[in-house]
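Reviewing the structure listed below.
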Amino acid sequence: MRKSDVRIFDNLEGLSLEAAELFTEAASRRTAQGRTFTAALSGGTTPQRLFHLLASAPFLERIAWSNAHLFQVDERAVPVDDPQSNYRMIREALLDRLSGSGLEFHRMQAERRDLEAAADDYAAELRQVPGPGDGGFPRLDLVLLGMGPDGHTASLFPGSAGLDEQARWVIPNYVEKFKMYRLTLTFAVINAAEQIVFMVAGADKAEALRGVLGTPSAFGPQPGSDPVPARRIQPANGRLTWLLDREAARLL
Ligand code: 6PG
């Protein structure tokens, strides 16, 4: 695994601007080769500013949106217009400003009653992503991740069954602390990516971040048994970059 790249910014604005540059560079690299750019977006609150930046000058014009396919990293099992919906956040912050751009957005249908079928259908959509990455998994050009105060990432929460999935690409995962299901990409798909960028901001993440970046994992060659989900993000053949604000990084 290549060494992680950790970049610390004064605030969320600085972190988001750097993320917008990395996203734009990744997209330009791929489309300059005449190929489709593929990326998976996390939900939550941290990436909202990034999405606004990508949908505004100067980033808006620098990205060949008609050659891009965007996917979701995870989604809550709620209706699409629910305030908890990651799709709703991404639509309001980004997609609504890109109508007519030719961008292909692949929505996780986590509102469906049959989440197993929804997961399998989404895996079928991921087959459009050129691969294979390691182990025959789709090799996304870029995966944008967040991290919770408990060290979860995507919808892979500590102690949840989804942590152990090694074959499937997309799974339903029950999250005890929220008493709800989610759909999520698995570690295998995330770790097959060309580039993974974590965006972590806020004092409430500092403790978890010390656990992930500040202490060497005791699980050495067996990251697959690490109880801290974010520490299992170790791209087999890709780049891992952490974009932090000062508050989140204060214990490093
Ligand atoms: C989700 C996200 C999740 C998120 C973290 C951080 O559906 O909640 O995908 O993994 O990235 O929970 O969330 P914040 O950015 O809101 O702190």
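Read-outs throughout are calculated quantities, based only on the coordinates presented, and are distinct from any laboratory measurement. No experiment lies behind these values; they were computed from the predicted model shown. No Cβ is skipped: glycine too gets one built from the backbone with ideal geometry, and neighbour counts run over all protein chains shown.
For this structure, a couple of remarks:
- Near the amide H of MET180, within less than 5 Å, lie the amide hydrogens of VAL175, all on another chain or at least 5 residues away, with H placed in the peptide plane.
- Shown in residue order for segment 84-99 are the 3J(HN,Hα) couplings computed by the Karplus curve 6.51 cos²θ - 1.76 cosθ + 1.60 at θ = phi - 60°: 7, 5, 5, 4, 4, 5, 5, 5, 5, 7, 10, 5, 4, 8, 10, 5 Hz (x for Gly and Pro).
- Between the beta carbons of GLN128 and LEU17, assuming R0 = 25 Å, the FRET efficiency works out to 0.25 to the nearest 0.05.
- Calculated [θ] (222 nm, deg cm²/dmol) that DSSP helices of n ≥ 4 give over the chain, each run adding -39,500 (n - 2.57): -6500 deg cm²/dmol
- Backbone amide hydrogens, once placed in the peptide plane, bring PHE9 within less than 5 Å of LEU244, ASP245, ARG246, excluding anything fewer than 5 places away on its chain.
- Computed lengthening from ALA57 to SER4, 0.36 nm per intervening residue step minus Cα-Cα distance: 16.1 nm
- Take each peptide in 59-71, 40-52, 137-149, count the other Cβ atoms within 10 Å of every residue, and average; sorted highest first, the result is 137-149, 40-52, 59-71.
- Remark on LEU240: its backbone amide H falls under 5 Å from those of ASP5, ILE196, a criterion applied only to residues 5 or more positions apart or on other chains, H modelled at 1.01 Å from N.
- Calculated FRET value between GLU116 and SER225, using beta carbons and R₀ = 30 Å, to 0.05: 0.70
- Pairwise FRET efficiency - ASP82 versus GLU207, Cβ, R0 = 30 Å, nearest 0.05: 0.50
- In the chain, Cα pairs under 8 Å separated by at least six residues give a relative contact order of 24 percent.
- For segment 7-21, 3J(HN,Hα) per residue [Karplus equation, 6.51 cos²θ - 1.76 cosθ + 1.60, θ = phi - 60°, Hz, x = Gly/Pro]: 10, 10, 10, 4, 7, 5, 5, x, 5, 5, 5, 5, 4, 5, 5
- Modelled spin labels at GLU176 and ALA32, positioned 7 Å past Cα toward Cβ, are 4.9 nm from each other.
- Diagonalising the gyration tensor over the Cα atoms of the chain and scaling each eigenvalue by 5 before taking the square root yields semi-axes of 24, 22, 19 Å, largest first.
- If the chain linking ALA161 and GLU92 were pulled fully straight, counting 0.36 nm for each residue of separation and taking away their Cα-Cα distance, it would gain 21.7 nm.
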